[in-house]
Every structure is written in C-alpha cells, then in structure tokens.
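Structure first, commentary second.
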Amino acid sequence: MNPLVDYTTKTTEELLELNKKYTQRLYSLNGDNPLYTYILNLRDQVQAEYHERMQLQIHKEKLKKDKEQIIEIGEIQSETIFLDNATEEEKLLKAVANLYTDKKDDQNS
C-alpha cells in the first residue's frame, strides 16, 4: 500500500479517474520496467477501494430493501404461566413465615 496516497478520502469519481490514469500509464510502459509494477500496485489499490465501496453500498441497499419488506401479519395473545416447583415443606415454611411477617405489619400500623 502506498503510504503517501490515502484512497479513502477520494470520491468514487476520483477513484475511477485514477484507475483510468493508471491503466493508461500501464499501457505505455514496458512490463520489465520497475515503474510498471509500482503503477500496477497503485491501480490495484484504487480498484480495491472502489470495490469495497461498491460492496458496502450494495449491502446498505439490501438492508434497506429488507426493512421495507416487513409485513405485519396480525397480533397474537399470550399467557405466561409460572410453575411453582416448591415442595410441600417449602410451601408450608413460606406460609408460616408470611403469617408472622403479616402479623408484625398489622401490629406496627
């Protein structure tokens, strides 16, 4: 990656222009020239940034389309049932404890 050029700050139009410019330069250079590899890498970076943006745009459009396709089919009624898994001893203990705490509350009033 070229540290001197930040492709993330470029617009998509600028990326397309850079891709065109780098491609034209590649046509004018010999494949053995060291600049050829450098410019080829620059063009690959520009294309990678452009393709990444296009994928993000497609993904955003798909999410937007999915949100628009939500169909409300009606309402349901539900009832929540809590099971009492306490043993008989635990139930008796709770009842006695509640009896004493209720008496204290009645006396303080």
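The values are calculated or read from the model by the stated rules, or taken from the named source; none is laboratory data. These numbers come from a predicted model, not from an experiment. As a convention, Cβ positions derive from the backbone with ideal geometry for all residues, glycine included, and neighbour counts pool all protein chains shown.
At a glance:
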quantity: Inter-residue pairs, beta-carbon under 7 Å, first surrounded by 14 or more Cβ atoms within 10 Å (Cβ to Cβ) and in the range 1-22, second of a type in the set (D, E, K, R) and modelled with pLDDT of 90 or more, 6+ apart; calculated: Tyr7/Glu49; Leu15/Glu49; Asn19/Arg43; Tyr22/Arg43
quantity: Pair list, Cβ under 8 Å, 6 or more apart: the range 36-55 residue over 14 Å from Asp6 (Cβ atoms), other residue outside any helix (DSSP H, G or I); calculated: Tyr36/Leu29; Tyr36/Asn30; Ile39/Leu29; Asn41/Asn2
quantity: Leu40 being surrounded by 10 or more Cβ atoms within 10 Å (Cβ to Cβ), part of a helix (DSSP H, G or I) and at pLDDT below 90; calculated: no
quantity: Single condition Thr23 does not satisfy, out of (1) β-branched (Val, Ile, Thr); (2) within 17 Å of Arg53 (Cα to Cα); (3) at pLDDT 90 or above; calculated: (2)
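Condition check ((1) hydroxyl-bearing (Ser, Thr, Tyr); (2) over 20 Å from Lys20 (Cβ atoms); (3) more than 25 Å from the chain's Cα centre (by Cα); (4) at pLDDT below 90) across all residues:
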site: Gly31; (1), (2), (3), (4): no, no, yes, yes
site: Lys65; (1), (2), (3), (4): no, yes, no, yes
site: Ile71; (1), (2), (3), (4): no, yes, no, yes
site: Glu79; (1), (2), (3), (4): no, yes, yes, yes
